[in-house]
Structure formats: structure tokens, C-alpha cells
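One structure below.
Every number in this text was worked out from the coordinates using simple rules, so none of it is lab data. All values reported here derive from a predicted model rather than from experimental measurement. Every residue, glycine among them, receives a Cβ derived from its backbone with ideal geometry; neighbour counts consider all protein chains shown.
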Amino acid sequence: MQLKQILAAGAAIAALGVGSAAMAGETLDATIERGTLLCGVNTGLAGFGTPDSEGVYSGFDVDFCRAVALVILDDADAVEYTPLTSQQRFTALQAGEVDVLSRNTTWTLTRDTALGLNFTAVTYYDGQGFMVPADLGVTSALELDGATVCVQPGTTTELNLADFFRANDMTFEPVVIEGLDQVNDAYFSGRCDVYTTDSSGLAAIRNSVAPVPEDHVILPEIISKEPLGPVVRHGDDEFFDIVKWTVFAMVQAEELGITSENVDEFMDSTNPVVQRLLGTTPGMGEALGVRESWAYDVIAQIGNYGEVYDRHLTPLGLQRGLNALWTDGGLMYAMPLR
Ligand SMILES: N[C@@H](CCC(=O)N[C@@H](CS)C(=O)NCC(=O)O)C(=O)O
């Protein structure tokens with residue numbers, strides 16, 4: 001290619017700029033300037049993200065926002081939470097209303113490209129399931145022909161539902177409702193026979209919303225792959241890197257057996273992998289554009305991946321399963337910090 005052609009191609013790519021209004025570094029700069037991280041969260045899903053009476057959020061997804069705020073701003077509490085429904089979440093992120101979306105969001109090709117977003121890492125490998133009232137006597141999703149199904153719009157759930165019924169030559173009647181509380185009400189008041197969403201969501205809803213959890217059964221079929229994780233906008237690679245490596249550092253810490261309780265004992269470790277992670281051998285912080293104690297601080301104040309999982313998801317009865325470390329037969333695998 002001639003230089004002129006290369007420049008023209010570059011300009012054409014820049015002009016495409018799908019959903020990438022931000023210049024490199026813009027989100028990170030704005031976060032530092034503002035002194036708070038804007039985090040888009042669930043409107044309220046037990047274990048993953050729920051507000052207290054003051055609107056302060058906690059949960060599995062929330063801890064990743066706290067970790068990122070800690071890395072960037074040295075303050076895990078410097079987070080402003082915006083509750084977002086399934087339908088609202090991507091426009092809020094695209095419009096810059098939030099810096100990061102940490103809310104049971106599935107990584108798909110079109111979201112990662114055409115929507116102008118970047119999925120940073122998978123924090124929870126999930127799959128879609130079905131819940132039905134126990135007294136229906138249904139034991140398999142293949143018995144659901146003709147059922148009315150409660151589902152939220154703007155989700156992969158809605159799309160997989162249609163695929164599954166079509167593939168199995170069954171029909172269904174969707175009851176599509178935007179608000180989570182409203183879908184829950186619809187299902188628990190019997191307006192639909194079936195509730196479908198990510199199986200972690202079903203467990204959370206059965207546990208925290210069902211008047212009597214035992215009255216509802218989650219069917220054995222998992223009909224899709226739902227890799228969930230924090231999402232950022234295209235256009236700020238530095239910010240993207242920080243979110244991604246914050247997650248990896250938490251997973252790596254678990255792999256090394258480093259916890260919030262014992263991290264100080266590792267500060268004189270002679271293991272080079274530990275030294276790079278904890279910053280006793282400097283370099284990783286500098287490469288990421290943050291202080292060298294970034295991962296130490298996250299482990300000490302928030303915990304490793306397993307601690308965060310145990311704090312929020314183990315109480316819901318969610319086994320580690322696919323979310324176990326790769327060394328334990330799961331899929332959780334941090335890229336090398338070097
Ligand atoms: N992982 C799926 C579904 C995520 C989703 O939004 N699930 C619902 C049902 S558990 C939810 O979290 N709703 C909460 C809300 O709208 O606030 C996706 O990314 O499309």
C-alpha cells in the first residue's frame with residue numbers, strides 16, 4: 001500500500017467510529033478527574049447486585065466495580081451506582097452515563113462489536129435455565145410445549161428462548177416485561193407458567209423472591225452459554241486494560257492461595273509470580289499505568305476471586321462448577337501477569 005492509501009484507510013476506519021466517541025484514555029481520565037467510578041449495576045438481583053436502604057450496592061458484580069475503583073482511585077467506596085434494566089444497560093454505557101457495566105451481561109459477538117463495547121473478562125460462566133412451579137409436575141424443559149413464559153426484553157434470554165422452542169418443534173407464548181420486580185410479580189402470581197433467565201438469576205430469584213422456594217423447581221436443561229462479565233465502551237484501551245487485569249489479578253490470587261487474610265504473609269515470598277502480582281517486584285503496576293500495590297490492595301480489601309464468590313454466591317447455593325479454577329477442573333484462568 002502507498003502511504004497515501006494507508007492514511008486514507010486509517011481515516012476511513014476512524015470515521016466509522018461505531019459507538020466509540022471516546023478517545024483513548026477518555027474514560028480513565030474522566031474517572032480520575034471526577035474521583036468516582038460510574039458503575040452500571042442490576043436493579044436488584046440477590047447475590048449479584050442489590051442496594052441497601054441508602055442505595056449503596058453490594059454483591060458479586062458490585063465487588064468488581066469496587067476493585068476497579070480501588071485500582072484507579074485507591075478507594076473501593078468511590079463508586080456511584082446506576083441501576084439499569086436489561087433494556088437500558090447498553091445505551092447507558094454507550095452514552096457515557098456509566099464507565100463500566102458490571103451486571104450479569106453475556107458476552108456475545110454483536111454486543112462486543114456493533115454495539116461499540118468491549119467485554120473485559122468472564123467473571124461468571126452461566127447458562128440459561130427454566131423455573132416452574134413444582135405443582136405443575138414438569139421435570140424437563142421438553143415438556144413445555146404451549147407454555148406461557150416470563151422473560152425480560154433486551155436479553156440473550158429472549159433470543160435463546162425462541163431458538164430453543166423452535167429447535168424442539170414446540171410453541172410458547174412470551175410474557176415480555178421490562179422491570180425485574182414486575183417479571184417476578186408476574187411469575188409468582190401465576191401470569192406465566194415458566195420463568196426463564198440465566199440459571200444463576202433463577203437461583204437468586206428462587207432464593208430471595210419466592211414466597212416458598214421449595215414450591216419452585218429449576219429444570220435440568222441448560223439451553224445456552226452465558227459468559228458474564230464487566231463491559232466497557234470501545235475507545236479507551238487503558239481503562240479496558242485496567243478492568244480486565246483487575247479481574248485476572250483476583251483469579252491469579254486465588255490460584256496462588258493468596259487471600260485477604262494471608263496476603264501480608266506473601267509479601268516476602270520468593271516466588272516470582274507472587275512478587276510480580278503483589279508488586280514486591282515492580283513492573284506490572286507501571287505497565288498498567290497504576291501504582292505497584294494495585295493487586296495487593298484489591299486482594300487485601302476485596303479478596304481473591306474465590307473469596308468474592310463465597311461471600312455472595314455460595315449462600316445462594318451456587319456451586320463453583322464451571323467457575324472453579326482451571327486447576328480444579330473449571331474455566332477460571334487468569335492470563336499471565338508478566
Ligand atoms: N445474561 C443475559 C440476561 C441478563 C439479565 O438482564 N437478566 C435479568 C433477569 S435475572 C436481569 O438481571 N434483570 C434485572 C433488571 O432488569 O434489573 C443478558 O446479558 O442478556
Seminar exercise, completed: Rg (one decimal) and Dmax (whole number) from the Cα set of segment 21-125, in Å, equal 13.1, 37
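Please report the net charge: other residues with Cβ closer than 14 Å to the Cβ of TYR305, K and R +1, D and E -1.
Taking every Cβ under 14 Å from that of TYR305, the sum is -3.
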Exercise. Taking segment 247-338, how much of its Cα-Cα pair set, in percent, is spaced more than 18 angstrom apart?
Worked result: 43
Problem set entry | Hull shadow area, averaged, the chain [alpha-carbon convex hull, nm²] | 19.9
Exercise. Order of 125-134, 50-59 by packing, highest average Cβ count within 10 Å first?
Worked result: 125-134, 50-59
For this session: Return the long-range amide H neighbours of LEU117 (sequence gap of 5 or more, or a different chain), with a cut-off of under 5 Å between placed amide H atoms.
Result: HIS234
Exercise. In what sequence, highest mean first, do 247-255, 273-281, 156-164 appear when ranked by Cβ atoms within 10 angstrom?
Worked result: 247-255, 273-281, 156-164
For this session: Starting from the Cα gyration tensor of segment 128-224, multiply each eigenvalue by 5, take the square root, and state the resulting semi-axes largest first in whole Å.
Result: 18, 15, 12
For this session: List the residues whose amide H sits under 5 Å from the amide H of HIS216, counting only those 5 or more places along or on another chain, with H placed 1.01 Å from N in the peptide plane.
Result: ALA134
Seminar exercise, completed: Quick calc, the chain, dipole around Cα centre from Cβ unit charges on Lys, Arg (+) and Asp, Glu (-), nearest 20 debye, gives 900
Problem set entry | Folded to 0 to 90 degrees: helix 60-73 orientation relative to the chain principal axis, Cα | 20
For this session: Would you tally the net charge around TYR125, using a Cβ to Cβ cut-off of less than 12 Å, leaving TYR125 out, and scoring K and R as +1, D and E as -1?
Result: -1
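Order these peptides, 324-330, 177-183, by their mean beta-carbon neighbour count within 10 angstrom, highest first.
Put in order of decreasing packing, that is 177-183, 324-330.
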Seminar exercise, completed: Restricted to the chain, the DSSP antiparallel beta bridge percent, nearest 5, is 55
Problem set entry | 9 Å beta-carbon shell around THR157, net charge (K/R +1, D/E -1) | -3
Problem set entry | Debye equation applied to the C-alpha atoms of segment 140-192, log10 I(q)/I(0) at 0.16, 0.18 Å⁻¹ | -0.45, -0.57
Problem set entry | Euclidean distance of C-alpha centroids, segment 198-221 and segment 67-115, integer Å | 26
